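Following: one structure in structure tokens, then a few remarks.
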Amino acid sequence: MAVERLRNRPCGGRYGNIVQSIGNTPLVELPGLSPKPGVRVWAKLEGRNPTGSVKDRVARALIDDGEERGALVRGSRILEPTSGNTGIALAMICSCKGYELTVVMPENVTPERTQLLEMYGARVVYSEGAKGSNGAVEKALEMAAADPGFFMPYQYGNQANPGAHYNGTAVEILEQLDDVAAFVAGLGTGGTLMGCGRRLKETFADAVKIVAAEPMPGEPVQGLRSLEDGFIPPIIDLSLLDRKIFVTNADAITFTRKLLLEEGVFAGPSSGAVARVAVRIADELDEGNVVFVVADDGWKYLSSGIYTRPLEELTDIDSTVWW
């Protein structure tokens, strides 16, 4: 019990600026999700980052990489495709460092995302909503080709993305737990799965299973992507995954509400999808720790109604309206 108490440290610390405070997020056990006594389910709460998502880690790594390579100087113009969180994180860091930021994101994202980007001073360009984040990538690549003055970090193909998790998120998990039987994250850019997966495999080898939560084709879940849509981000190495499990939009919404109402975790819908997969994996184990990533908090999704509308209404909605 003494060890448990020592590890129960509150978030905090002393930092020279807001960017330095990124990371060091809590790992919280969710006993209500455990299907049996020998299995413990843990949530890595990335909403505790400055802009409320795991993408703060990635944005910092992308900017650091650009600066180290000499591609960024004060006043540089940055362009990046995003479904929201990476753009918001970049906007915060760019506002601190004096970079101009333009983001491309689907036109049907929740209005909170646009508001946050504009609050941080970013310029927003919209892509076709029906194409989701793939459409944002396509449009951003076209814009970058037409204007060489842009610097595009390109989270989908930049190894700084998984590097942020290999050198950060995974290291924190290893400091917080002695062993991990399974690690579950959403399939988006692939950065979290690749970075954490590689570090955890180096530590535990085949004793840890790396599991991706992937939306059913045709059922977009905010922040996640289906590889069946035809675009596989260059940073993804599918051989690192032990399992890839499909999740329906209904499951994502149901478990987002379950996290809120039963565990007090106010999370975005992608985390509901990931929680659903984590519970499924936990149910297959006899013992061990299952860790899943709560990629962001729920503030950016309030206008979608997923936290307050009756579940019977929500499980039937067309998720493209809040993608």
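The values are calculated or read from the model by the stated rules, or taken from the named source; none is laboratory data. Everything numeric in this text was worked out from a predicted model, so none of it was measured. Note: ideal-geometry Cβ built from the backbone for every residue, glycine included; neighbour counts use all protein chains shown.
With respect to Gly197, determine if the residue is assigned by TED's automatic domain parsing to the domain that holds Asn24, surrounded by 21 or more Cβ atoms within 10 Å (Cβ to Cβ) and out of contact with any helix residue (DSSP H, G or I) (no Cβ under 7 Å at 6 or more places or on another chain). It is false that Gly197 is assigned by TED's automatic domain parsing to the domain that holds Asn24, surrounded by 21 or more Cβ atoms within 10 Å (Cβ to Cβ) and out of contact with any helix residue (DSSP H, G or I) (no Cβ under 7 Å at 6 or more places or on another chain). Of the set (1) in contact with a Ser or Thr (Cβ under 7 Å, 6 or more places away or on another chain); (2) surrounded by 22 or more Cβ atoms within 10 Å (Cβ to Cβ), all apply to Ser303 but (2). When segment 72-118 is limited to residues that are of a type in the set (Val, Ile, Thr) and in a helix (DSSP H, G or I), the one that is surrounded by the fewest Cβ atoms within 10 Å (Cβ to Cβ) turns out to be Thr114. Number of residues in segment 235-267 that are part of a loop (DSSP other than H, G, I, E, B) and at pLDDT below 95: the value is 1. Would you check if Thr203 is in a helix (DSSP H, G or I) and either surrounded by fewer than 24 Cβ atoms within 10 Å (Cβ to Cβ) or over 10 Å from the mean Cα position of the chain (by Cα) (or both)? Answer is yes for this residue. Selection over segment 147-160 of residues that are assigned to a loop (DSSP other than H, G, I, E, B), on the phi < 0 side of the Ramachandran plot and surrounded by 19 or more Cβ atoms within 10 Å (Cβ to Cβ) gives a count of 5.
Restricted to segment 62-71, and to residues there that are in contact (Cβ under 8 Å) with a residue 12 or more places away in the chain and under 25 Å from the mean Cα position of the chain (by Cα), the residue that is surrounded by the fewest Cβ atoms within 10 Å (Cβ to Cβ) is Asp64.
Put simply, of Gly163, Gly135, Gly190, Gly186 the only residue that is closer than 17 Å to Asp237 by Cβ and surrounded by fewer than 24 Cβ atoms within 10 Å (Cβ to Cβ) is Gly163.
Tallying residues that are in contact with a Gly (Cβ under 8 Å, 6 or more places away or on another chain) and buried (at least 23 other Cβ atoms within 10 Å of the Cβ) within segment 37-46 yields 0. Within the bounds of segment 138-146, is there any residue that is under 25 Å from Gly66 (Cα atoms), buried (at least 23 other Cβ atoms within 10 Å of the Cβ) and not acidic (Asp, Glu)? Checked segment 138-146: at least one residue is under 25 Å from Gly66 (Cα atoms), buried (at least 23 other Cβ atoms within 10 Å of the Cβ) and not acidic (Asp, Glu).
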